[in-house]
Amino acid sequence: MDLRFTPEEIAFRDELRRFFRSEIPAEIRRKVAEGRHLSKEDIVTSQRILHAHGLATPNWPVAWGGKDWSPVQRYIFTEELQRAAVPLPLQFNVFMVGPVIAAFGSEEQKRRFLPATASLDIWWCQGFSEPGAGSDLASLKTRAEKRDGKYVVSGQKAWTTLGQHADWIFCLVRTDREAKKQRGISFLLIDMKSPGITVRPVLTIDGSHEVNEVFFDEVEVPAENLVGEENKGWDYAKFLLANERTGIARIGMSKQRIARAKRLARDTEANGRSLWADPDLRRRVAAIEVELKALEITQMRVVAAQRQRDADKPDPASSILKIKGSELQQATTELLLDIAGPYAQPAPEHEEGRNEPDGDGLDAIAPLYFNARKVSIYGGSNEIQRNIIAKAFLGL
Amino acid sequence: MDFDLTDEQRLLKDSVDRLIADAYGDFEKRKRHQSGPGGYSHELWSNFAELGLLALPFPEEEGGIGGGPVETMLVMEAIGRGLVVEPYLDTVVLGGGFLRCGGTAAMRAELMPQIADGTLTLALAQLEPHSRYCLNDVVTTARREGDAFVLNGRKVAVLHGDSAGRLVVSTRTAGARADRHGITLFLLDAAAPGVTRRGMPTQDGLRAADIQLEEVRVPAADILGEVDHGLALLEQVVDIALAALCAEAVGVMEDLQRSTVDYLKTRQQFGVPIGSFQALQHRAADMLVAVEQARSMALYAAMMAEEPDPALRRPALSAAKVQINQSARKVGQEAVQLQGGIAMTFEYKAGHAFKRLAMIEKTFGDTDHHLNAVSEADSLVEAE
């Protein structure tokens, strides 16, 4: 047993550190560091730089542009990417639909979609949740009827993140209304330009346009856009959601925020001295750091255990990572808000939820705190994660 | 990075787990062990010796097993699961640690075999009535007289100090009360003239002693480490013991987690197992999260325990103890709450596990103490 990185792993880490800081534009990394929303161009620019160096989709099969990395190398990659405030590759493409198509799609689908998904020539969004199907996702009602060799889709999807930029949407749709609810679901790929699709923005409490409602009115979808088998979509969705959760702890991001919080506290005056001189604040930061260190090692244990598991099968311990990871992300945004204090109040005139940056980025801190409340809700709420632990681990 | 055990480590774990399961699997047996002389079973202690556990940390060339922090962790986890009362931490981890890290060749040659065969136990007499968690707050004095030192002072809550054959004693040989310089460690015979011991049970079923030292003469040859420079050695060995305590706590928590889940599955109320209630399921899930976070930090503690640079080692062990303490408090309290009235009774194991966790929290630094240490070191996440 040895928790240290090998010299090769350290060299790998150092090379990534250099690469991320020298190749990804500083202005984009600054926005990420300050927790600002990124434009479509920012995300595309960053992902294409990664893609040009073969680093956009390391988690994919090697045949489709993935890396033959050890779980430790994958962990280091994600960690260093976040620590350097590089935008994550677009989740919907890289961690969701890409792996599903690679694992369950037809050869034709792989050829058609995977290269463009990696390079972000196709921007995907996720059509899972519905107004009546949140935590109880399997109760979804959007239906697809087979007519003349096509699927005709009608219904409504909710919380469609960045759907305003999307070219395609991957959807869970009901193809058998008689079957038990998980059994009658299929996984469909739908072109967002199809007639009958309407996207309506939903502003979130931080004032940003991040999520949308997507309406489907008799939308025709070619039958070849079905992934895998009809009525097996729930299995693919579970595969996708468990993949999502292993990357969800965001330890590097929390470290980056703690580092920023320390700098802000040093630069902030309170009662005539530096706020960082306040031992209560420092103990609070230390307590968050301790929990984060523990989570980092828990994450490494999950990573190491993946070597013993089927590579395509995520570890159910991902629920622990989701709960603790989201709690710590929220704790770091609370910390930033409390350090910014009264200076967090002004919300400069903004357009589409994007504030103008000032020197310290204080204007973006309250929105970041507001927005971060979502992390214990999405990806299977933390209460759902506790249900999973109770049932899958504890047998209750 | 590698979390796998070697074949030898797996064998060690299997044999220790079997030994503890046999000796402690039935909780009634713990009471019998406690009624032995010194509050533990000498027969079981011989079994520990036969398995080589008492020679675990000693180098192979000195007749030991050459085990490191991972081996100690495996033993301590089993000790935690069984709520073992034998003086392993005091004799092997602490006492053995002082010999290994600061003992003279003569001491090692004489005492390591006696520890290994189970005839000698040790205890660390460090805590004083006013020192709390500060290892360098020492008023027990040692004054030089020829080639000996004469010790005076009082040590309290010396775990297993009533039965130990030798005592590691921290004393002040120079400087003021809390100076870091001027501390000297002695390995003294517990039966030496001038040593008065008053034994007592601890809250968690172990034994301790209040020890009075009055004009106790100790030859200079019994000094551990160097005169006036004993603190670094004391901190080094206490850090090794902290890692071991973290592992023990994980063992206790693991057992509490298991018994709680078993109880939720079998206890029927309102015509159903109470584990079918979501309010209880979520609390059990949170217990598991707390145990796993603690396990991660016990691994971290084991990895850092032998780090020679105290500037790296000490904050790491403090961070581990903070997490262990916080998880221990949560898991202990929740186990009692979820198992309900039965866990309040003296004959049931869970309440004793809860008590052991509460006392581990107070051993070598509580949460506030170690949180201060982590925040002062400020080394877990580098600032921008």
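The values are calculated or read from the model by the stated rules, or taken from the named source; none is laboratory data. This one's a predicted model, so the numbers in the text were calculated from it and none came from an experiment. Here Cβ is always computed from backbone atoms with ideal geometry, including for glycine, and neighbour counts include all displayed protein chains. Side chains are part of the model used for accessible areas, which takes the heavy atoms of the whole protein and leaves out ligands, DNA and RNA. Shrake-Rupley method; radii C 1.70, N 1.55, O 1.52, S 1.80 Å.
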Using alpha carbons only, how many degrees (0 to 90, rounded to 10) separate the axis of helix A:40-52 from the longest principal axis of chain A?
90
PRE zone check, label point 7 Å out along Cα-to-Cβ of A:GLU108, amide N under 15 Å, scope the stretch A:143-167, hits A:149-151
Suppose we keep just the DSSP beta bridges with both residues in the stretch B:142-238; what percent of those would be antiparallel, to 5?
95
Taking a probe of 1.4 Å, how large is the accessible area per residue of the protein assembly as shown, in Å²?
41
Expressed in square angstrom to the nearest 10, the accessible area of B:ARG30 with a 1.4 Å probe stands at 10
So what's the projected area for the stretch A:193-281, the Cα convex hull averaged over all directions, in nm²?
10.6
One computes Rg over Rh for the stretch A:248-393 from alpha-carbon atoms, with the Kirkwood Rh, and obtains 1.05
Taking Cα atoms, the helix B:7-24 axis meets the longest principal axis of chain B at an angle in degrees (rounded to 10) of 80
Starting with the highest mean, order A:14-21, B:277-284 by the number of other Cβ atoms within 10 Å, averaged over the residues of each peptide.
B:277-284, A:14-21
Against the rule of thumb 2.2 N^0.38 Å, how large the Cα Rg of the stretch B:115-172 comes out:
1.25
When only DSSP loop residues count, what trypsin sites (Lys or Arg not before Pro) in the stretch B:170-242 have their Cβ near at most 14 other Cβ atoms within 10 Å?
B:ARG177, B:ARG180
Zone of A:ALA223's modelled label, taken as backbone nitrogen in the stretch A:97-116 under 16 Å from a point 7 Å along Cα→Cβ
A:106
At a 1.4 Å probe radius, carbon and sulfur cover how many percent of the accessible area of the stretch B:231-377?
57
With both partners inside chain B, how many of the DSSP beta bridges are antiparallel, as a percent to the nearest 5?
85
At 1.306 mPa s and 10 °C, Stokes D of the stretch B:123-228 from Kirkwood alpha-carbon radius, µm² per second:
117
Hey, rough spin-label estimate for A:SER39 and B:ASP179, points 7 angstrom out along Cα→Cβ, what's it come to in nanometres?
6.7
Name the chymotrypsin sites (Phe, Trp or Tyr not before Pro) in the stretch B:333-363 that are in a loop by DSSP and that have at most 10 other C-beta atoms within 10 Å, would you?
B:PHE346
Three-way shape call for the protein assembly as shown based on the alpha-carbon gyration tensor, with the a/c threshold at 1.5:
prolate
Burial of 20 Å² or greater, the stretch A:289-303 residues [accessible area, probe 1.4 Å, versus chain by itself]:
A:GLU289, A:VAL290, A:GLU291, A:LYS293, A:ALA294, A:ILE297, A:THR298, A:MET300, A:ARG301
How much length would be gained if the chain were fully extended between B:GLN278 and B:TYR348, taking 0.36 nm per residue of separation minus their Cα-Cα distance, in nm to one decimal?
22.6 nm
Average beta-carbon neighbours from other chains, 10 Å sphere, peptide A:274-286:
3
On a full-extension model of 0.36 nm per residue, what is the gain between A:ARG147 and A:LYS193, subtracting their alpha-carbon distance, rounded to one decimal in nm?
14.6 nm
Report the antiparallel proportion of the DSSP beta bridges in the stretch B:78-207 as a percent, rounded to a multiple of 5.
70
What part of the accessible area of the stretch A:124-231, given as a whole %, is carbon or sulfur when the probe is 1.4 angstrom?
48
Along the principal axes of its C-alpha atoms, what lengths does the stretch B:7-120 span, in descending order and rounded to whole Å?
43, 35, 19
Please give the calculated 222 nm ellipticity per residue for chain B, where each DSSP H segment of at least 4 residues contributes -39500 (n - 2.57) and the sum is spread over every residue; nearest 500 deg cm²/dmol?
-16000 deg cm²/dmol
Using every alpha carbon pair in chain B, what percent of pairs falls into each 10 Å bin from 0 up to the bin containing the largest distance?
5, 23, 33, 25, 10, 3, 1, 0
Students sometimes get this wrong: rank B:HIS181, B:HIS352, B:HIS369 by accessible area, probe 1.4 Å, all chains present, largest first.
B:HIS181, B:HIS369, B:HIS352
Here the FRET efficiency for A:ARG266 versus A:SER22, based on Cβ atoms and R0 = 25 Å and rounded to 0.05, is 0.40
What's the average, rounded to a whole number, of partner chain beta-carbon atoms within 10 Å of each residue's beta-carbon in B:276-283?
3
Can you give the average number of partner chain beta-carbon atoms within 10 Å of each beta-carbon in peptide B:319-330, as a whole number?
3
Ranked packing of B:81-90, A:168-177, A:191-200, B:329-338, most packed first, by mean Cβ within 10 Å:
B:81-90, A:168-177, B:329-338, A:191-200
Exposure rank, largest accessible area first [B:ILE342, B:ILE79; 1.4 Å]
B:ILE342, B:ILE79
Comparing each residue of the stretch A:238-272 in the complete protein assembly with the chain by itself (heavy atoms, probe 1.4 Å, ligands and nucleic acids ignored), those losing at least 20 Å² of accessible area are A:LYS255, A:ALA259, A:LYS262, A:ARG263, A:ARG266
What quantity of accessible surface, computed with a 1.4 Å probe and excluding non-protein components, is buried in total between chains A and B, in Å² to the nearest 100?
4300
Could you pull out the GluC sites (Glu not before Pro) across the stretch B:176-247 that fall in loop regions by DSSP (anything but H, G, I, E, B) with no more than 13 other Cβ atoms inside 10 Å?
B:GLU226
When the accessible area of each residue in the stretch B:67-93 is compared between its chain alone and the complete protein assembly (1.4 Å probe; ligands, DNA and RNA ignored), which residues differ by at least 40 Å², being lower in the assembly?
none
Taking a label point 7 Å from the Cα of B:ALA232 along the Cα→Cβ vector, which residues of the stretch B:117-160 have an amide N closer than 20 Å to it?
B:135-138
What part of the accessible area of the stretch B:97-223, given as a whole %, is carbon or sulfur when the probe is 1.4 angstrom?
52
